[in-house]
Amino acid sequence: MNQLTQESLIFWSAFRPEKPAEYLATASLAYRDDLIDVLAHFAPFESVLEIGCNSGPNYDRLVAAFGKQNYTGLDINKEALNHFHTRMPDVKFIYGSILESVPSAKFDLVFTSSILSLIAPEDVMLAIHNIANLSSRLIVIQEPKIEKHNGIFHQWNHDYLNLFDDYPEFKWSEINGIIIGNRLDRASIV
């Protein structure tokens with residue numbers, strides 16, 4: 001694994017007691033509205049895997065929009081998962097990184113929001129490979145279109161549509177800057 005990816009993973013997995021509550025408070029931000037608007041085209045979902053769930057703001061939005069979900073959250077921050085589990089004890093969690101802790105199950109929807117941008121270009125294809133292998137129907141990627149490299153963490157702007165070209169079993173499109181991969185044998189028309 002690239003050293004910069006390792007540094008990014010260490011930064012985001014570090015315990016900061018105030019962060020789970022701060023992150024949860026971001027549930028009402030406009031970019032989360034955009035994600036829910038796109039997901040509405042494809043709902044309902046038999047099962048959901050969120051990569052980088054933190055303390056659960058996207059889960060809260062999913063439940064508000066579509067009702068209770070068969071949801072699994074994956075995150076590298078154990079304290080955030082503990083905070084999420086305290087709020088939602090019936091939700092399933094996986095502690096780890098999409099680069100290393102890949103579940104064996106398939107999910108109807110696999111999505112990320114501002115996670116792949118934290119993975120260095122040398123490592124992002126492994127994450128994409130794992131995401132494609134985990135999805136039985138739909139992949140949704142919501143990532144910022146900026147690059148940051150500073151002393152705190154690294155962020156990369158990847159060309160996601162191009163990177164997913166290696167997965168022709170999905171029909172790839174973009175709605176409001178959000179990348180959608182719809183498995184061709186189960187495609188929904190948008």
Problem set entry | Candidate lysines - alpha carbon under 27 Å from K68, same-chain residues fewer than 8 apart omitted | K19, K78, K92, K106
Exercise. Which ³J(HN,Hα) values in Hz, rounded to whole numbers, follow from the phi angles of the range 110-124 under the Karplus curve 6.51 cos²θ - 1.76 cosθ + 1.60, where θ = phi - 60° and Gly and Pro get x?
Worked result: 10, 9, 10, 9, 6, 10, 5, 5, 8, 10, 4, x, 5, 10, 5
Exercise. Along the principal axes of its C-alpha atoms, what lengths does the range 7-48 span, in descending order and rounded to whole Å?
Worked result: 36, 21, 17
For this session: Subtracting the Cα-Cα distance from 0.36 nm times the residue separation, let me have the gained length for Y95 to K145 in nm, one decimal.
Result: 15.3 nm
For this session: Give, as a single signed number, the net charge of other residues whose beta carbon lies under 11 Å from the beta carbon of R32, with Lys and Arg counted +1 and Asp and Glu -1.
Result: -3
For this session: Identify, among S135, L24, G67, the residue whose Cα sits farthest towards the positive end of the charge dipole of the chain, taking +1 on the Cβ of Lys and Arg and -1 on the Cβ of Asp and Glu, with the dipole about the Cα centre.
Result: G67
Problem set entry | Under 5 Å, built H, 5+ apart or other chain: amide partners of A120 | T5
Problem set entry | Under 5 Å, built H, 5+ apart or other chain: amide partners of R16 | none
Problem set entry | ³J(HN,Hα) computed for each position of the range 15-27 - Karplus, 6.51 cos²θ - 1.76 cosθ + 1.60, integer Hz, glycine/proline x | 6, 9, x, 7, 5, x, 5, 4, 5, 4, 5, 7, 4
Exercise. Of all DSSP beta bridges located in the chain, what percent are antiparallel, nearest 5?
Worked result: 40
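Bear in mind these aren't lab numbers, they're just calculated from the coordinates by the rules spelled out. Please read these numbers as outputs of a predicted model, since none were measured by experiment. As a convention, Cβ positions derive from the backbone with ideal geometry for all residues, glycine included, and neighbour counts pool all protein chains shown.
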